[in-house]
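Worksheet: the structure to be examined is printed underneath.
Derivation of every value follows stated rules applied to the coordinates shown; laboratory data play no part. Just so you know, these numbers come straight off a predicted model, no measurement behind them. Cβ atoms come from the backbone with ideal geometry, glycine included; neighbour counts cover every protein chain shown.
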């Protein structure tokens, strides 16, 4: 420490830094762009088509939002917005109730609505 300022004296560039005795590395450059688990956010297909109400009588359109086990796919997977996801869930439940869509994977295998895993 320098006595005049009360701060530690600057180290020469060749000296070791820290208590471990190793030289410090410069910080790694930051990577840009997506990647990893989170890619680009999907756009709601209903918003793109400017859909006001989702019709439960269109099973061909609703089928995209059901998994191969008969479960309703989550927003993070399908890319639908919150508003349309709520409408979609209601339409899927109505279509199931009227037997337009299957409830379970067993119904899917019996009816052949979805292709089986191969």
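The residues 90, 24, when put in order of fewest to most other Cβ atoms within 10 Å, stand as 24, 90. So for 22, 42, fewest C-beta neighbours within 10 Å to most, what's the order? With the sparsest Cβ surroundings first, the list reads 22, 42. Suppose R0 equals 22 Å; then what is the FRET efficiency for residue 40 and residue 71 from their Cβ-Cβ distance, rounded to the nearest 0.05? Efficiency at R0 = 22 Å is approximately 0.35. Under the definition of Cα pairs under 8 Å and six or more residues apart, what whole-number percent is the relative contact order of segment 45-111? Computed value for segment 45-111: 40 percent relative contact order. Residue separation of residue 49 and residue 23 scaled by 0.36 nm, minus their Cα-Cα distance, works out to 3.5 nm of gained length. Put in order of Cβ neighbour count within 10 Å, fewest first, the listed residues 58, 73 become 58, 73.
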